[in-house]
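The values are calculated or read from the model by the stated rules, or taken from the named source; none is laboratory data. Treat the numbers as computed from the prediction; the structure is a model and nothing was measured. Glycine gets a Cβ as well: all are built from the backbone with ideal geometry, and neighbour counts include every protein chain shown. What goes into the accessible areas is simple: the full protein's heavy atoms, side chains included, and nothing from ligands, DNA or RNA. Shrake-Rupley method; radii C 1.70, N 1.55, O 1.52, S 1.80 Å.
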Amino acid sequence: MSILSLPRITFSGKTEWNPDTTNNYDTYYDSATAAPVPPNVSRDDYLGTLKSQVSDQGNWNLYGDHAVRFVDTTISSIQLPTGGVTSDPLLGKPTLILGLVWSDGKNPPARLVDVDPYGATSSQLFFDSFQIGDSQIGVTGKRVDRFSDRDFFFARNLNLDNQAMIAGKMGVVWQTAFPKDQLTWNGLSSSPALTAFKQAVDASDAAGIVVRFVSYRTQYFTNCKFNGKSITTFEELQTAYEQGFTGRNPAYSAVLGNIGVWNTGKIQSGPSDCVLVPVPKANVPIQGAVTSPAPAAIAAAPAGSKTLLSRQQTKLQSSAAAEAASTPTATLGQSQFRVEFDATGDSGKVVLDFINAVPEVNQQLVKADLGSIQLQARDNNDPKKVTLLGNPVPYATYNREAYTSGGGVLTVPFAMGASALKNGTLEVTAGPSTTVLLKERPLEVVTDSKSIYLDEGQTTPVQLTVQDRGAITTKTVLVISIAQYFNGALIATASSAPFRLTDTGGNLLPVDANFIATIPVVNGVATFQVSPTMAGTGALCYQAHLASNAVLFPPGLEVAMSFSNIRNLPWDDSLAKFDQPGVVIPWSIVYENVLKVYDLVYPVMSLVIDLRNKQAVDGAGGQFRRATALDIFESTLYMPITREMSQRKRNILWRYLQQVEMGGGASPK
Amino acid sequence: MIRLFAFLSLGTVIIALMISGCNKPDQKSSTVPPKGTASNPPATKPSEPQPSGPKPKADALPTLAEISKLEEDSDTAAKLVGNAPLDFGWAMFLYTNWPAKPGERGVPDPGKKPGDAGPVVWETWKNVAEVFLDKGAEPPEWSVPPVVPPEVASTTPPASDSGPMWQRMTESIQVDGFPTKDDSGQTIIYNVFQNKSVFDYIRTNGLYSVQGQIAVAAGSGPIPKIDFPWTAMEVKASWRWLDPEKDQAKIARYFTAPAYWAELDDDGNFVKWQTGLMGLTGLHIISKDLPTWVWITFEQVDNGTWTKAKRLHPIPPEVQAVNSKMQKLLAATKFANYELVGVQTSFMSNPGSPVDGTSINTVDPGQGGSLLANTQIESAFQSRSSCITCHSIASVAKQLPQQPADLLRKSFVEVGVTPPYYVGNGPDLAPFVSMDFVWSLRRARSTE
């Protein structure tokens, strides 16, 4: 069972994002040292520079607090094995992603944090519970692991109406799971649908529930006001900041999600079924009446603007220009599928998770008309041989209405071709030329270690699982090749490698001439250890293959690959002299080295507690001490929200707070 | 079950309790059974019957002699806590706000009545700034008057209800790390006072320094454990600045005092003393008439309008009824503008009781922890404010911290709930040692 099996609950609505965007820029923030740029700048000068460059740089949310909320997000459909549910009190109930807060407040938010603040493929949602329904009827899951983003589709919105900006064209999927013992059920006696869902969750082969949702069509400048006036442009925003605005400028995405039964033995963060990856550069023309803006109109963001996706900026702008220059075309985004064979084994159905597959063409979320979509199986032994599976899937089956009501899930029955599918790989085609847009990638390396933070000297285990067509592989001659990426580029030498990879015995993993490491797969699993060799952000990319085969890795990290994002925290060796018992730590050391980055880069924090003010910090010493403890790292209570505090800086802060306590606390003397 | 506390003369109640067989010699420490604990909730029996003999005038403020009995006889006090906790709360308010005898710290003046000019009893107690000194030095004994900085003492104090006695303010931040402000944007400021029982206990047993506290915790101190006498009391007051010219209408409704407060720069360096007139917005009173103390809090009635902090849980009807009668009796004084918010005697909710039960934990109803919060002192975490629980965590380590992860005192911040503070039964303190609910001890400084 999985999201692609029944029962399944679908929810839809909007997500509100309120990240701080200053750390996206290497001209303002050094992610290796976790410090403002330049490090010795004053708060006034730093904020003055930020504000004066908003219009030029596109820094759209200086006072963001990384809060994430579902807005007007409700349960929109329920599918049971017996059929769709048309009436149940669970329908229409809210869905909430919730955090914890230090003060009284209702529905505290989750927090959006990028492992790599400069990049676009390392986002996580830290949260504390996920609520489906409410306290009367519903189920709430306590967080076991964060949501990490995956299945990136940068060109999901074709922007034919020229309204998208920043990350507005992107679609991204989030997934995590909740074990049975972390679920609290309410109102079962009032909801037959919820009862049926719980029965499926309680089955012996189920581990809990899995939640998978997509964020897409992100819109900006829709809910920002200063002095009663709406702010709708970068220029207005800059003026507002310069006049003292310290408020929110959140972005809003459409959200569509599915909740299903989490299979025993499957990882939490997905994928749990067969994987379909986009064929590079494949696309098909869009059918029907569409409009294409003049090339000049594409540049909606300021010239030179760095978007939320700094490293992807060039790619986005260049692809936008290409789209404008020719007939609109589209491709499909990374997806999953599951095959259910009938009792005879000769027929069955393919269930496709197309929650992030078919693009939209505009802000109204009209789906791109690719014509009919056709499934086919390509023979493993004869690559020229393809067998069609099922009937063509017409546009009406994947248009906006069908997409929303069905949770992006498409079911394609087939009466013939079962054998071809069993002995081949699935492909998804479209267009007049039957262009293959998605191809199955049978061997998939999956891991729940999607987002890793490493402190100096720290070693952490990483477990990889190899799925073969969605099931843990039983092949015995597989290895996983592991490539290192740093600042987005493939690493080819030991001296530039940011990570040290060892086996569970501490021995270095063997590497080839291209510095690609390998590790054998045993019973479908491979475990290694990773430790940092330098500060900064990077990734480990994985490919599973037969030991006798060689694989190549691209020079730049590609989002369709399987990878883990890793942030090596700053190595604050210069602070070692203060990290000793009995050493007096001046306030200036604490502010300049520990707190200043938050005061400057995330100025919203000083609106809550003035981090520049010793008395304010001393007065909240108990909270600072608790909020920076690693045992709450996963909670939204953890401060720093952006998770870049090294152990050395934590020690400095804690020793300082000990001094404050030994001096009688925060009261003025 | 809703208890009806038809208000009798507080004096009547006290006398009734006394006559009902509780005439014992003054006691320094209580032998009263631990009422109000989680395993022994307060008794809900009705008030004691009227005694025979001359009856005091009904619906009148109690006399000083009557209230003072609560400070002289632990059984009388404990019985009043158990039988009429709201009356006890008001009794403590009257006692601590009685005009003080000139020249004697902490002694009410029998020749005066509530509302008469001059400092009140608690204002003449020891300010914690007098108790916990630099380098953990021994504080001067009780009778030594407070030292006012020369630059403040040379200034004419503004006219106030307290008279010319300058009040030292000691903090601007609440225990959750956040300040709150009044309607003019000025920060609410606080001070804390200890009565002679608390002070003498601290001074006698060396608890005025971190090392002295650790010694007791480690078993090498002069006492086996920190256990304050039943006569121990503390107050924590919250104040707002008032402009003598612009705030005349407000001044008429506040108990006022002249105050001084240290202004610091961002780096914590002293800049100057800010002086002026302050109005009392809230008053915590704690009294060790139970082993787990009794927790009482009052607020100025206009707080919801004149400060930015808003009340989360309404004051229960039973408490409002008592307040209404007491405010009528105090109509000739500014204390008519103050109201009892609640009295907490138990960790857990006691449904049907006008205390504890009505302050039900609405965040986690199943947990059933009792709540009590003052909008001026626990502004932003009222939904998880339990005086008794947080204070039960007052503790000290058995040794000085060495490593960054070492704590001097157990954290009172629980995480995993929202907001993250303790409610309900207090946690196990080990490896720390209890400081008998007295968090003011954490102001002690190191001798090193």
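For segment A:444-568, with all protein chains in place and a probe radius of 1.4 Å, 55% of the accessible heavy-atom surface sits on carbon or sulfur. Would you please give the FRET efficiency between A:Phe633 and A:Glu558, computed as 1/(1 + (r/R0)^6) with r the Cβ-Cβ distance and R0 = 25 Å, to the nearest 0.05? Rounded to the nearest 0.05, the efficiency is 0.25.
Restricting the trypsin sites (Lys or Arg not before Pro) of segment A:354-389 to loop positions (DSSP other than H, G, I, E, B) with no more than 16 neighbouring Cβ atoms within 10 Å leaves A:Lys384, A:Lys385. Label separation (A:Ala550 vs B:Lys308): 6.6 nm, computed from points 7 Å beyond Cα along the C-beta direction. Dipole size of segment A:444-568 about its Cα centre, with +1 on Lys/Arg Cβ and -1 on Asp/Glu Cβ: approximately 80 debye, rounded to the nearest 20. Going by Cα centres, segment A:535-609 and segment A:344-378 are how many Å apart? Cα centroid of segment A:535-609 versus Cα centroid of segment A:344-378: 39 Å apart.
According to a simple spin-label model (label point 7 Å from Cα along Cα-to-Cβ), what is the distance in nm between A:Leu188 and B:Glu263? Each label point lies 7 Å from its Cα, and together they span 6.4 nm. Accessible area buried by the pairing of A and B, both sides summed with a 1.4 Å probe, works out to roughly 3400 Å². Roughly what would the spin-label model give for A:Gln458 and B:Gln274, points 7 Å off Cα along C-beta, in nm? Using points 7 Å along Cα→Cβ, the separation is 4.0 nm. Per residue, the solvent-accessible area of segment A:382-502 (1.4 Å probe, heavy atoms of protein chains only, all protein chains present) comes to 43 Å². Taking the Cα centre of the protein assembly as shown as origin and assigning +1 to Lys and Arg Cβ atoms and -1 to Asp and Glu Cβ atoms, the resulting dipole is close to 900 debye. With a ≥ b ≥ c taken as the square roots of the eigenvalues of the C-alpha gyration tensor of segment A:329-441, please select rounded if a/c is under 1.5 and otherwise prolate if a/b is larger than b/c or oblate if it is not? Prolate. Under 15 Å of direct C-alpha separation, and excluding same-chain neighbours fewer than eight residues apart, A:Lys225 reaches these aspartates and glutamates: A:Glu235, A:Glu236, A:Glu242.
Around the amide H of A:Thr411, modelled in the peptide plane, lie the amide H atoms of A:Leu352, all under 5 Å away and 5 or more residues distant in sequence or on another chain. Hey, which of these cross-link pairs are over 22 Å Cα-Cα: A:Lys385/A:Lys439; A:Lys614/B:Lys272; A:Lys577/B:Lys410; B:Lys250/B:Lys308; A:Lys614/B:Lys398? Long pairs (Cα-Cα over 22 Å): A:Lys577/B:Lys410; A:Lys614/B:Lys398.
Write down the percent of antiparallel bridges among all DSSP beta bridges whose residues are both part of the protein assembly as shown, to the nearest 5. Write out the running numbers ahead of the final one.
Numbers: 199 of 207 bridges.
Expressed as a percentage, antiparallel bridges in the protein assembly as shown total about 95.
What's the center-to-center distance, using Cα atoms, between segment A:77-136 and segment A:631-657 in Å? So the two Cα centres are separated by 26 Å. Zone of A:Ser42 (label point 7 Å along Cα→Cβ, backbone N under 14 Å): which residues in segment B:251-295? Of the residues in segment B:251-295, B:266-267 have backbone N under 14 Å from the label point off A:Ser42.
Summary of the geometry: segment A:230-285 and segment A:166-186, compared by the centres of their Cα atoms, lie 12 Å apart. Per-residue Karplus couplings for segment A:160-174, computed as 6.51 cos²θ - 1.76 cosθ + 1.60 with θ equal to phi - 60°, are listed in order as 6, 9, 6, 10, 6, 8, 6, 9, x, 8, 8, x, 8, 10, 10 Hz, Gly and Pro entered as x. I want to check a number: in segment B:92-185, how many lysine pairs have alpha carbons closer than 25 Å, given a sequence separation of 8 or more or different chains? Number of lysine pairs found: 6. For A:Lys281, a cut-off of 15 angstrom between C-alpha atoms picks up these aspartates and glutamates, skipping any fewer than 8 places away in its own chain: A:Glu323, A:Glu558.
When each of the peptides A:635-642, B:100-107 is scored by the mean number of other C-beta atoms lying within 10 Å of its residues, the order from highest to lowest reads A:635-642, B:100-107.
Between B:Gly369 and B:Ser349, B:Asn361, the built amide H atoms are under 5 Å apart, and every one of these is 5 or more places off in sequence or on another chain.
Suppose only helical runs count, i.e. DSSP H with n ≥ 4. What mean residue ellipticity at 222 nm does that imply for chain A under -39500 (n - 2.57) per run, divided by all residues and rounded to the nearest 500 deg cm²/dmol?
After summing the helix terms and dividing by residue count, I get -4000 deg cm²/dmol.
Here is the P(r) of segment A:444-568: all C-alpha pair distances, binned every 10 Å from 0, give 14, 49, 33, 5 in whole percents.
The trypsin sites (Lys or Arg not before Pro) of segment A:449-540 meeting both criteria, a DSSP state outside H, G, I, E and B (loop) and at most 16 other C-beta atoms within 10 angstrom of the site's C-beta, are A:Lys475. Judged by the ratio a/c of the largest to the smallest principal axis of the C-alpha gyration tensor, segment A:573-662 counts as rounded, that ratio being less than 1.5. The phi-based Karplus calculation (6.51 cos²θ - 1.76 cosθ + 1.60; θ = phi - 60°) puts the 3J(HN,Hα) values of segment A:248-258 at 8, 9, x, 9, 10, 10, 6, 9, 9, x, 10 Hz, whole numbers, x for Gly and Pro. Charged neighbours of A:Phe127, selected by a Cβ distance under 12 Å, balance to +2 (K, R count +1; D, E count -1).
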